[in-house]
Each structure stands twice: as structure tokens, then as C-alpha cells.
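The values are calculated or read from the model by the stated rules, or taken from the named source; none is laboratory data. Please read these numbers as outputs of a predicted model, since none were measured by experiment. Cβ placement follows ideal geometry from the backbone for every residue including glycine, while neighbour counts extend to all protein chains displayed.
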């Protein structure tokens, strides 16, 4: 599937999407590290996952291969990687399970609203939310706070209401306001 | 348990990495918010996003201070 960007067709098989896909490779070693109580290694793997998230945008810029599909793939990869890691650290007792459940629930609601937004537009598209971009970056940090045992309760319980506020704001923009 | 670095170094790495990123984040979004002009929908989205960024930056820095026992 190739998507058109400003009159130019961009193949989904491009360097930026390859960097995005490579983030999945950090999940098995992260799982191993958490299961073996290797806090420092777990922190390293989630750090690599987060840095690759920044690197894919850079690759898209350098190789001029930005596309709507790439943005959507990036958002889906964020959801899978961070969702998996959050469940992992909560299941292992490194993060409060209730807070993680709320974050996952809000994340699923966000994904559902984005699907509805794409349906309203009639094409694969990722809603550009400046606030949610920041919240997603915070999510990456949440996993690092859990693996590093760094003020876990403080960071997790402040994150939940913040994400809820952003979700309500974006719900109006995606579902109510004209597209 | 494999230790890449000593617990003290690890603690300081977490503190500095989080604190520096959060601090820059706070200042960066504060500057962008101050420079923002206009009243259209996209500008309103940006305004809200930058405000959230400032809050996240502040939370990050406060967490670091708590982690180091400063507050």
C-alpha cells in the first residue's frame, strides 16, 4: 500500500517505517529483563525504544519519506510498545495496576476515537494532537519510572487525570468539530 | 542481578536524564506558548498542547526533586 503525500507516492517500505518497526525488537529483551528483575537493563531497553521513536521522525525527514501511513504506523507502534510495557511492569508489581488499567483504558478510548476520525475523513489519517503527543512521550517515561523505581506513585497518579483532560479535549476536536 | 552501573550512578542517571529533559520541555513549551498568536482552531490546539507540555515538564522536575529527597 503506497500513500500519496503532496502529489508524491511514498512506499510503506521506507527507512522511516523500518526504524518504527524495529521498535518491536526491544520488547522481547524488555520482557526478559523485567521477568529477571533486571531493572537497569529494562530501563536501557525502554530507553532504546523511546529513542527509536524519535529516530523514525528524523529518518522520515532525512529520506523525505513522510506519509499518512507512516504517521498512523508510528501511532499504532506507540500504542503496542508502550501498552505492552505498561502491562508488563504492572503485572510484575513495579507499577500501580489500577493506574495502569486506567491509562490503558484511556489509550484504547483514544485509539477508538482516532479510528472514528479516520472514518469521518474517509482515509487513513492520524489526528494531529499537540497535547496527546506530549502525553505519549510522558507514557514512555512512565515505563522508565517503573523500571527505575523512580517516584512511581507520584508520576503515575498525576498522569491519569492529565491524560483524561487531554482525551476530553481531543474527543471534541475529533468527533464533534468539522473535519 | 546484572548491574550496568552502580545503584548510585543509576539513580543520578535517572534524575539527570529526566530532570534535564523535563526542564527543557518546560522552558521550550513556555516560550512557544508565549510566542503563539491567533485564534483559529489549530492555534487553539497548539495553545492547549503547549500548556500540557508545561505541566508535564513541571511534574518531571518536581518528581526528580522528590526522588533526590529535596522536597
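Within the stretch A:103-126, is even one residue on the phi > 0 side of the Ramachandran plot and touching a residue at least 60 places away in the same chain (Cβ under 8 Å)? Checked the stretch A:103-126: no residue is on the phi > 0 side of the Ramachandran plot and touching a residue at least 60 places away in the same chain (Cβ under 8 Å).
If you check A:135, A:165, which single one turns out to be surrounded by fewer than 17 Cβ atoms within 10 Å (Cβ to Cβ), at the interface with another protein chain (Cβ under 10 Å from one of its Cβ atoms), assigned to a helix (DSSP H, G or I) and within 18 Å of the chain's Cα centre (by Cα)?
Sole residue among the options that is surrounded by fewer than 17 Cβ atoms within 10 Å (Cβ to Cβ), at the interface with another protein chain (Cβ under 10 Å from one of its Cβ atoms), assigned to a helix (DSSP H, G or I) and within 18 Å of the chain's Cα centre (by Cα): A:165.
Looking only at the stretch A:76-106, residues that are closer than 14 Å to residue A:23 by Cα and surrounded by 20 or more Cβ atoms within 10 Å (Cβ to Cβ) come to 5 in all.
The set of residues in the stretch A:107-117 being touching a helix residue (DSSP H, G or I) at 6+ places or on another chain (Cβ under 9 Å) and either over 30 Å from residue A:36 (Cβ atoms) or exposed (fewer than 14 other Cβ atoms within 10 Å of the Cβ) (or both) consists of A:108, A:109, A:110, A:111, A:113, A:114, A:116, A:117. Screening A:144, A:148, A:140 for residues that are more than 8 Å from chain B (Cβ to nearest Cβ) and either surrounded by 14 or more Cβ atoms within 10 Å (Cβ to Cβ) or touching a residue at least 12 places away in the same chain (Cβ under 8 Å) (or both) leaves exactly one candidate, A:140.
Return yes when residue B:8 is more than 8 Å from every other protein chain (Cβ to nearest Cβ), more than 21 Å from residue A:152 (Cβ to Cβ) and more than 11 Å from the chain's Cα centre (by Cα) and no when it is not.
Working: more than 8 Å from every other protein chain (Cβ to nearest Cβ): yes; more than 21 Å from residue A:152 (Cβ to Cβ): no; more than 11 Å from the chain's Cα centre (by Cα): yes.
No; evaluated as a whole, the condition is false for this residue.
Scanning the stretch B:34-61 for residues that are in a helix (DSSP H, G or I), within 11 Å of another protein chain (Cβ to nearest Cβ) and over 17 Å from residue A:137 (Cβ atoms) yields B:41, B:42, B:43, B:44, B:47. Please tell me if residue A:69 is in a helix (DSSP H, G or I) and modelled with pLDDT under 90. The answer is yes for residue A:69. Here residue B:20 fulfils each of the conditions (1) more than 14 Å from the chain's Cα centre (by Cα); (2) free of Cβ contacts under 8 Å to residues at least 12 places away in the same chain; (3) surrounded by fewer than 15 Cβ atoms within 10 Å (Cβ to Cβ) apart from (1). Tell me which residues, restricted to the stretch A:12-57, are at pLDDT below 95 and in a loop (DSSP other than H, G, I, E, B). Result: A:12, A:13, A:14.
For residue A:66, the criteria (1) within 14 Å of chain B (Cβ to nearest Cβ); (2) surrounded by fewer than 20 Cβ atoms within 10 Å (Cβ to Cβ); (3) under 29 Å from residue A:11 (Cα atoms) hold in every case but one, which is (1).
Suppose the filter is under 16 Å from residue A:138 (Cα atoms) and surrounded by fewer than 16 Cβ atoms within 10 Å (Cβ to Cβ); does residue B:31 pass it? Reasoning before the result, please.
Values: under 16 Å from residue A:138 (Cα atoms): no; surrounded by fewer than 16 Cβ atoms within 10 Å (Cβ to Cβ): yes.
No.
I'd like the residue in the stretch B:62-71 that is modelled with pLDDT of 95 or more and not in a helix (DSSP H, G or I) and, out of all such residues, is surrounded by the fewest Cβ atoms within 10 Å (Cβ to Cβ). Before the answer, list the steps.
Keep residues of the stretch B:62-71 that are modelled with pLDDT of 95 or more, which gives B:62-70.
Retained after the next criterion (residues that are not in a helix (DSSP H, G or I)): B:68-70.
Numbers: B:68: 13, B:69: 6, B:70: 8.
The residue in question is B:69.
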